[in-house]
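**Q** Before we start, here is the structure in question, set down as structure tokens.
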Amino acid sequence: MGFCESVRGLRGQGSAGAFRAAVGVLLLRLSLAQTGPPQTSCPAVAAPQNLTQPQYQLTAEEDASVGFMAALVQSFLHTVQPKPFPEDLILNIVKDFEIEISQESIKKALVYEVGFLVCAAIGVLYIVLMPIVGFLLACCRCCGNCGGKMYQKQTSSIHCHRRTLYWTAFVTTVILLAGNICMFKSNEAMKVSVDQSQVELNKTINNIQSFLTAVPQQVDDVVTESYRTVQEVSSNLDAVGPQLGREIKERMRATLDLALHSVRLLDQETVNTTLQLDQLNSSLAQLQSSGDHVQANLTAVKNRINNTLSDPNCTGCNNLKPLLGNLTLDISITIPSLNELQSAVDEINRIDLKSKVKEVEGYFNGIPQRVTNATKDVVQSSKQLLGNIKSQISQVTNNIPLSALGNVSETLNLLQRNIRQITPEIKRAEHIRWAVCVVLCCVVLLVVVCNFLGLVMGPLGLTPEADPTKRSCAADCGGTFFMIGAGLSFFFSWLLMIAVLLLFLLGGNVYTLICRPWIDGQLLKFIDTPGVFPGLDIGATLGLKTNINISDIYRDCEKNQPLWTTLHLYELVNLEDLLNITKYTEQIQQHFENADITLSNITLLSPEVKNQLRSFSSKVTNIDSTAFMQQMNNISSINLNTTADELDKLAAIQTNSDTREQLQNEARDLRQIQTDIETIIIPQLEDLNSTIGSLGSRAEKINGTVEEVLSNVGAAQDFLDTNTTQIVKTESRLFLDCQLGYFIHYADWANATITQQMGRCGPVAGAVDSAEIILCSYIVESLNAFWFSLGWCMIFFIPSIIFSIKLAKYYRTMKFSDVYDDKLIMNHIPRAQMKIT
């Protein structure tokens, strides 16, 4: 029956009840039409957190103050060794080293090192010749040769020669001073580099240790997250009754709430009707009591009037006797339909609709317990399968080769202990090295100081016109300082050149064979070459099918890639299989499908109760108030004041005073009775009329409510009988899908975490870069800067010796004088040109 037909079927009943019934039917039709899946969502489980990445210390960075001469030294070394990194040569030497290095390999090595050999030959030649030349020069000067004779020939160009030698010696000394300053600075940079290297090396090792410690922890975090997911699902299975039962109840709630609401509304209307019936009976009893009292008074007055009118002394009284028939009052109210209504209400009260509502609510509140009892075995078997899922996921820890990381960690611990042990020795050796280098710097500085003293004192004490044999003490001291500087240069230069040669061969080869190919990436490629390090097969160590190159690992770690892709762990661990829980979820689904979750049918209202409600509805509409209204009109039409007026008129014509007084009193009593009727009886009648009218309206409302109850309960009963089984199956499927969805979400998270976040190896590349900076940018560049500066000074010792010895004769006091005879020419030489400016 459609909505319009429902409205037509309610025509003739109360408008309010008909409207509520029609709306109820419409809502029930809509609820019955909702046969699709409910709009429910899974309870949100705590989202897995991203893996916590360890905090690493800042590692070494290139220091511009350390590499202040790097460009110059590297340019020189590129000139000395322009050849590329000798991969083949080193590989042959490594192979021959186990047996015997062949002559061909030695020849190739010498050819490759030809630049260094040439420089070494020059250094050896310098070391050999400088003391020999110095010794021969000393012998020659002692014999009066090579400028040893204290005689200086005076010529016209002597002052020009002196100035030329002076400025060349000055420039050479400045160059020596610059080289000496670079020696001091590079020596201090070397000291700072060694001190920083120990700190930076510890930082690098700590970063690697943090990385190695974090990787197993991250794997444990992934596995622990799986345990949390299993525990969450297990807890939900334990609470399957409350959770699934709540969802089933929610699916039925819309229909049942409407039906139960209408039953509660009918029960409330019945209670209100009972109260109004009680009020009506009370009003009737009160009205009857008031009517009886007025009737008694009226009867007494009527009897007195009759006696008075029958008195012989009453003049003309016989004419009023017919009026005594009008002095009647009947206040007996009867409403026949009220008894029938009372019996119908009592019958509904005996049904006890509240208990029916509580019975239905108790049934639906017991659904969770019924679900719990029906799924007890299913939950137990499903929890066993969850334990299998936990065991399967925990195999991730066993399949990932974390033991290799532990071995590396132990090696690093041993390395740190060794570093702590040798640190005092390194500091002591560094202090000795620094002191020795300071001594070397001071030797060069001593030569520079002697040259500067000669350059300063010589010109200050020199008088160009003075006889060479009569030069001042200051000028002679200046020349002497030049000779001391030249002597010190001869004495120490070959020793200093030995230091230059050794440091050059060490630092230069370290740069060309290690640092330069390290920076260019050639060193890592060479390490990757098969046969260089036979034991360095990372792929075989990890059990991989393919080999992994060091350079590939370094490039991936530079990009901070995870270990999953860097070490090709996908060849060891079948992550898709470990995280594939389909076989277990299918079994859990099968268990739930086999579970017999049935809800017994419940009858909301029995047919007997429905018939009683229909009977009640028909009875409440039969309230007949016509007789009551007629009786009320009859009582309202009574007017005793008319008879009282007639008695007053009759009393006025009486001659007997007693009769007159009696008539007047009786008229007054009639008026008082009329007043009682108007003030007591009439209001009570009006109240009774209002109560009857309200009861009639409520009766119409009850009629509509009964129709609403019957319609809503019928629709709800149809809904339960038809859809309960389907609702249970649908909600069971949704509950199970919700639980399995947690595993799907976890599997996706675990897959992404292991393959994209776990073990980001940036610290490994950072350790390699730090090692390169510590070795090359700090130590090697400082070492190369020192020997380059010292060699620079050794080279300029040669012109310094030459210019110092030649310039010394222009300032020292001669033993023999030379007379210059060409006075004319001497007179033409300007005096200003005879002085050193």
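**Q** What do you reckon, is residue 670 in a helix (DSSP H, G or I), of a type in the set (A, V, I, L, M) and touching a Lys or Arg at 6+ places or on another chain (Cβ under 7 Å)?
**A** Details: in a helix (DSSP H, G or I): yes; of a type in the set (A, V, I, L, M): yes; touching a Lys or Arg at 6+ places or on another chain (Cβ under 7 Å): no.
Answer is no for this residue.
**Q** Quick one: which of 299, 273 is farther than 30 Å from residue 668 by Cα and either outside any helix (DSSP H, G or I) or of a type in the set (Ser, Thr, Tyr) (or both)?
**A** On the way: 299 fails: farther than 30 Å from residue 668 by Cα.
Answer to the selection: 273.
**Q** Here is a further query. Any chance the stretch 661-674 includes a residue that's modelled with pLDDT of 75 or more and within 30 Å of residue 371 (Cβ to Cβ)? Reasoning before the result, please.
**A** We begin by selecting, within the stretch 661-674, every residue modelled with pLDDT of 75 or more; these are 661-674.
Applying the additional criterion that residues be within 30 Å of residue 371 (Cβ to Cβ) yields none.
The answer is no, given that none of the residues of the stretch 661-674 is modelled with pLDDT of 75 or more and within 30 Å of residue 371 (Cβ to Cβ).
**Q** Still on this structure: Would you point out which residue out of 724, 679 is open to solvent by less than 50 Å² (accessible area, probe 1.4 Å) and assigned to a helix (DSSP H, G or I)? It would help to see each step written out before you state the result.
**A** Details: 679 fails: open to solvent by less than 50 Å² (accessible area, probe 1.4 Å).
Step by step, each of 724, 679 is checked, and only 724 is open to solvent by less than 50 Å² (accessible area, probe 1.4 Å) and assigned to a helix (DSSP H, G or I).
**Q** For residue 190, state whether it is at pLDDT below 85 and among the aliphatic types (A, V, I, L, M).
**A** Numbers: at pLDDT below 85: no; among the aliphatic types (A, V, I, L, M): yes.
So residue 190 fails the test.
**Q** Report yes if residue 734 is in contact with a Ser or Thr (Cβ under 7 Å, 6 or more places away or on another chain), assigned to a helix (DSSP H, G or I), touching a residue at least 12 places away in the same chain (Cβ under 8 Å) and open to solvent by 50 Å² or more (accessible area, probe 1.4 Å), otherwise no.
**A** Details: in contact with a Ser or Thr (Cβ under 7 Å, 6 or more places away or on another chain): yes; assigned to a helix (DSSP H, G or I): yes; touching a residue at least 12 places away in the same chain (Cβ under 8 Å): yes; open to solvent by 50 Å² or more (accessible area, probe 1.4 Å): yes.
In short, yes.
**Q** Pick from 188, 232: which is open to solvent by 60 Å² or more (accessible area, probe 1.4 Å), among the charged types (D, E, K, R) and touching a helix residue (DSSP H, G or I) at 6+ places or on another chain (Cβ under 7 Å)?
**A** Values: 188 fails: touching a helix residue (DSSP H, G or I) at 6+ places or on another chain (Cβ under 7 Å).
From the options 188, 232, the qualifying one is 232.
**Q** Would it be correct to say that residue 812 is touching a Leu at 6+ places or on another chain (Cβ under 9 Å) and either open to solvent by 40 Å² or more (accessible area, probe 1.4 Å) or of a type in the set (D, E, K, R) (or both)? Full working, then the answer.
**A** Values: touching a Leu at 6+ places or on another chain (Cβ under 9 Å): no; either open to solvent by 40 Å² or more (accessible area, probe 1.4 Å) or of a type in the set (D, E, K, R) (or both): yes.
Taking the combined requirement at face value, the residue does not satisfy it.
**Q** Being in contact (Cβ under 8 Å) with a residue 12 or more places away in the chain and in contact with an Asp or Glu (Cβ under 7 Å, 6 or more places away or on another chain) is the filter here; which residues of the stretch 547-569 pass it?
**A** The answer is 549, 550, 551, 565, 566.
**Q** Let me ask something else about it. What number of residues in the stretch 110-132 are open to solvent by 40 Å² or more (accessible area, probe 1.4 Å) and more than 20 Å from residue 83 (Cβ to Cβ)? Steps first, answer last, please.
**A** Quick first cut of the stretch 110-132, residues open to solvent by 40 Å² or more (accessible area, probe 1.4 Å) only: 110-111, 114, 117-118, 121-122, 124-125, 128-129, 131-132.
Now drop any that are not more than 20 Å from residue 83 (Cβ to Cβ), which leaves 124-125, 128-129, 131-132.
Residues that pass the stated criteria total 6.
**Q** Sort through 695, 790, 783 and tell me the only one that's touching a Leu at 6+ places or on another chain (Cβ under 9 Å), more than 30 Å from residue 119 (Cβ to Cβ) and surrounded by 19 or more Cβ atoms within 10 Å (Cβ to Cβ).
**A** Step by step, each of 695, 790, 783 is checked, and only 695 is touching a Leu at 6+ places or on another chain (Cβ under 9 Å), more than 30 Å from residue 119 (Cβ to Cβ) and surrounded by 19 or more Cβ atoms within 10 Å (Cβ to Cβ).
**Q** Do we find a residue being open to solvent by 20 Å² or more (accessible area, probe 1.4 Å) and over 18 Å from residue 327 (Cβ atoms) anywhere in the stretch 661-676?
**A** Yes - at least one qualifying residue is present in the stretch 661-676.
**Q** Among the residues that make up the stretch 750-762, is at least one of them without any contact (Cβ under 8 Å) to a residue 40 or more places away in the chain and either buried (at least 19 other Cβ atoms within 10 Å of the Cβ) or hydrophobic (A, V, I, L, M, F, W, C) (or both)?
**A** Applying the first criterion (without any contact (Cβ under 8 Å) to a residue 40 or more places away in the chain) to the stretch 750-762 yields 752.
With the extra rule that they be either buried (at least 19 other Cβ atoms within 10 Å of the Cβ) or hydrophobic (A, V, I, L, M, F, W, C) (or both), the set shrinks to 752.
Within the stretch 750-762, one or more residues are without any contact (Cβ under 8 Å) to a residue 40 or more places away in the chain and either buried (at least 19 other Cβ atoms within 10 Å of the Cβ) or hydrophobic (A, V, I, L, M, F, W, C) (or both).
**Q** Let me ask something additional. Suppose we filter the stretch 571-587 for residues that are open to solvent by 20 Å² or more (accessible area, probe 1.4 Å), outside any loop (DSSP other than H, G, I, E, B), in contact (Cβ under 8 Å) with a residue 60 or more places away in the chain and closer than 25 Å to residue 762 by Cα; how many remain?
**A** Count: 0.
**Q** Which residue is farthest from the chain's Cα centre (by Cα), if the candidates are limited to the stretch 424-437 and must be surrounded by fewer than 16 Cβ atoms within 10 Å (Cβ to Cβ) and of a type in the set (A, V, I, L, M, F, W, C)?
**A** 436
The values are calculated or read from the model by the stated rules, or taken from the named source; none is laboratory data. What you see is a predicted model, and the numbers here were worked out from it, not measured in a lab. A quick note on method: Cβ atoms are made from the backbone with ideal geometry, for glycine too, and the neighbour counts reach across all protein chains shown. SASA here: full protein model, heavy atoms, side chains in, ligands and nucleic acids out. Shrake-Rupley method; radii C 1.70, N 1.55, O 1.52, S 1.80 Å.
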